[in-house]
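Reviewing the structure listed below.
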Amino acid sequence: MANIKIERLNNAFMEEISKILMLEIKDENIKFVTITGVDITSDLSYAKVYFTVLDQDKKDVTLKSLNGASHFIRGKLSEKIDIRNTPELKFIYDESIAYGKHIENIIDKINEDKITEEKNQ
């Protein structure tokens with residue numbers, strides 16, 4: 001039963017953090033961030049917030065800005081989500097998107113090589 005509660009909170013946090021970043025943050029480094037997931041600990045004390053950015057060159061600057069704004073975001077979350085103690089937020093860059101793109105490029109290259117071989121035969 002606790003897992004269902006955590007899953008609901010994960011989804012609610014993901015949605016609300018996205019709204020806060022889009023509507024209430026003034027820092028331009030944070031404007032174009034996509035929240036890809038939230039993982040709240042079972043004791044509700046910490047939340048890992050996974051994100052990705054369009055421009056890979058800005059990922060370090062964005063990570064620093066997000067972690068700097070985490071107290072502001074946490075305060076806004078406590079206003080929007082009814083929970084006794086709002087977890088401490090830790091932002092983590094989500095490498096899975098880049099990894100998936102890398103795998104997709106490898107598959108495309110293999111298919112191109114296969115087509116080239118078939119044409120040469």
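Per-residue answers, yes or no, for (1) at pLDDT 90 or above; (2) exposed (fewer than 10 other Cβ atoms within 10 Å of the Cβ):
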position	(1), (2)
Tyr46	yes, no
Asp57	no, yes
Ser65	yes, no
His71	yes, no
Gly75	yes, no
Lys80	yes, no
Lys90	yes, no
Tyr93	yes, no
Glu104	no, no
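Specify the residue that is nearest to Ala69 (Cα to Cα); the eligible residues are those in region 5-28 that are modelled with pLDDT under 90 and acidic (Asp, Glu).
The selected residue is Asp27.
How about region 1-35: which of its residues are crowded, with 16+ Cβ neighbours inside 10 Å, touching a residue at least 40 places away in the same chain (Cβ under 8 Å) and outside any loop (DSSP other than H, G, I, E, B)?
Leu9, Ala12, Phe13, Glu16, Ile17, Ile20, Leu21
Select from region 35-82 the residues that are among the acidic types (Asp, Glu) and closer than 16 Å to Asp94 by Cβ and list them in ascending order.
Result: Asp39, Asp55, Asp60.
Restricting to region 66-121, and then to whatever is small (Gly, Ala, Ser) and within 14 Å of the chain's Cα centre (by Cα), can you tell me which residue is farthest from Val49 (Cα to Cα)?
Among residues in region 66-121 that are small (Gly, Ala, Ser) and within 14 Å of the chain's Cα centre (by Cα), the one farthest from Val49 (Cα to Cα) is Ala98.
Given the criteria touching a Gly at 6+ places or on another chain (Cβ under 7 Å) and within 18 Å of Ile17 (Cα to Cα), does Tyr50 qualify?
Yes, satisfied.
The values are calculated or read from the model by the stated rules, or taken from the named source; none is laboratory data. As the structure is a computational prediction, the values presented were derived from the model and not from experiment. For neighbour counting, all protein chains shown are included, and Cβ atoms are generated from backbone atoms with ideal geometry for every residue, glycine included.
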